[in-house]
Amino acid sequence: MTSGTLTWEDIQAARKRISDVAHRTPVLHSRQFDELAGCTVFFKAENFQRAGAFKFRGAYNKISAELEKGPLQSVVAYSSGNHAQAVALTAKLLKLPVAIVMPSDAPPAKIAATREYGAEIIFYDRYKENREEIGKRVCQERNALLVPPFDDYLVMAGQGSAAAELLEEVPDLDSVLCPASGCGLLAGTCVATKHLRPSAKILGVEPEAGNDTFLSLQKGERLEIPVPRTIADGLQTPAPGKLSFPIIQSLVSGILLVRDEELVQTLLFFLQRMKIVVEPSGAAAAAAVRFRKADFSGKRIGVIISGGNIDLELLRSFL
């Protein structure tokens, strides 16, 4: 692993590690979506990834790379859901004990799935407690490996493999969009895209209520906001990562903001018209294109659908 930054070589190494376990997810297209958006859109459907989201790529790359250095006693992670499931599944595949620090208000479906993969769950209050501090304490108590959800170069390298696959299938994209939370996926997408399609714009997308990355780029330094209240539970990180932020700061073209209502309309389009299930966070990049948050007219746009782990009761409320 290259020290101090994220490189294309790191993403290529990650692709080799995960090649036999991660799905190469499909790239989907909808003429009706194109008509609504005024451009040609290609969806990298990471909702079909193992554990239901792109997070499996980074989790497996991180843990398997650490195992190459020597044996591990156990692993610990903190997550609102998708990273939790990804780490739990990876630990199960690699036969390691795992504990996950999860917010008590995480979607029940994500809690249940994490338990089903065999993880021990430690709950916390996301509005009052610091998950990083809890995770570090548990790691020290158990002599475990901490698997960060985004702020780790091995994790980012794994996430970058999704954009690499997208650009191999559709190499002539004008822009690539993905959700921005802690910016692990966005950082990996930036590095992969700049290597494979240097002329393409790279755009992150956040909910309006959780615009920490947008504000950080405006200020020129990382800013932290209160934990945002949004239906996009995977995009409630209050600040971009310390390691991921410098990468996106130098490579990203901008951050677009979407409203919760636009996330709902977009995920319902996916369900009704494309017959796929997408969670609110996973629909963020598509919503930015669908509601024309930038001028995409006539362009060829790549969108990463980051996940599909939506609680059925929440989905029922949208319907």
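The values are calculated or read from the model by the stated rules, or taken from the named source; none is laboratory data. These numbers come from a predicted model, not from an experiment. A quick note on method: Cβ atoms are made from the backbone with ideal geometry, for glycine too, and the neighbour counts reach across all protein chains shown. Protein only, heavy atoms only, side chains kept; ligands, DNA and RNA dropped before computing areas. Shrake-Rupley method; radii C 1.70, N 1.55, O 1.52, S 1.80 Å.
Observations
- Scanning the range 107-115 for any residue that is within 17 Å of the chain's Cα centre (by Cα), surrounded by fewer than 24 Cβ atoms within 10 Å (Cβ to Cβ) and at negative phi turns up at least one such residue.
- Of everything in the range 229-255 that is surrounded by 21 or more Cβ atoms within 10 Å (Cβ to Cβ) and closer than 15 Å to ILE202 by Cα, the residue that is nearest to the chain's Cα centre (by Cα) is SER244.
- Every residue from the range 197-216 that is out of contact with any Lys or Arg (no Cβ under 8 Å at 6 or more places or on another chain), open to solvent by 20 Å² or more (accessible area, probe 1.4 Å) and closer than 24 Å to ASN130 by Cβ: ASN211, PHE214, LEU215
- Residue check for PHE48: more than 15 Å from the chain's Cα centre (by Cα), open to solvent by 20 Å² or more (accessible area, probe 1.4 Å) and aromatic (Phe, Trp, Tyr): no
- In the range 65-84, of all residues being open to solvent by less than 10 Å² (accessible area, probe 1.4 Å) and assigned to a helix (DSSP H, G or I), the one that is modelled with the highest pLDDT corresponds to ALA65.
- Selection within the range 260-292 - within 21 Å of LEU312 (Cα to Cα), open to solvent by 20 Å² or more (accessible area, probe 1.4 Å) and among the charged types (D, E, K, R): ASP260, GLU261, ARG273, LYS275
- Among the candidates VAL191, VAL252, VAL227, VAL205, the residue that is more than 22 Å from VAL278 (Cα to Cα), touching a residue at least 60 places away in the same chain (Cβ under 8 Å) and touching a Pro at 6+ places or on another chain (Cβ under 9 Å) is uniquely VAL227.
- Across the range 271-319, the number of residues qualifying as in contact with a strand residue (DSSP E or B) (Cβ under 8 Å, 6 or more places away or on another chain), within 20 Å of ARG31 (Cβ to Cβ) and assigned to a helix (DSSP H, G or I) comes to 7.
- When ASP105 is tested against (1) in contact (Cβ under 8 Å) with a residue 12 or more places away in the chain; (2) charged (D, E, K, R); (3) outside any helix (DSSP H, G or I); (4) farther than 17 Å from PHE123 by Cα, exactly one condition is not met: (4).
- Comparison of ARG57, ARG115 shows that the only residue that is out of contact with any Gly (no Cβ under 7 Å at 6 or more places or on another chain), among the basic types (Lys, Arg), within 23 Å of GLN236 (Cβ to Cβ) and in a helix (DSSP H, G or I) is ARG115.
- Which numbered condition GLY4 misses (of (1) in a loop (DSSP other than H, G, I, E, B); (2) of a type in the set (Gly, Ala, Ser); (3) within 16 Å of the chain's Cα centre (by Cα)): (3)
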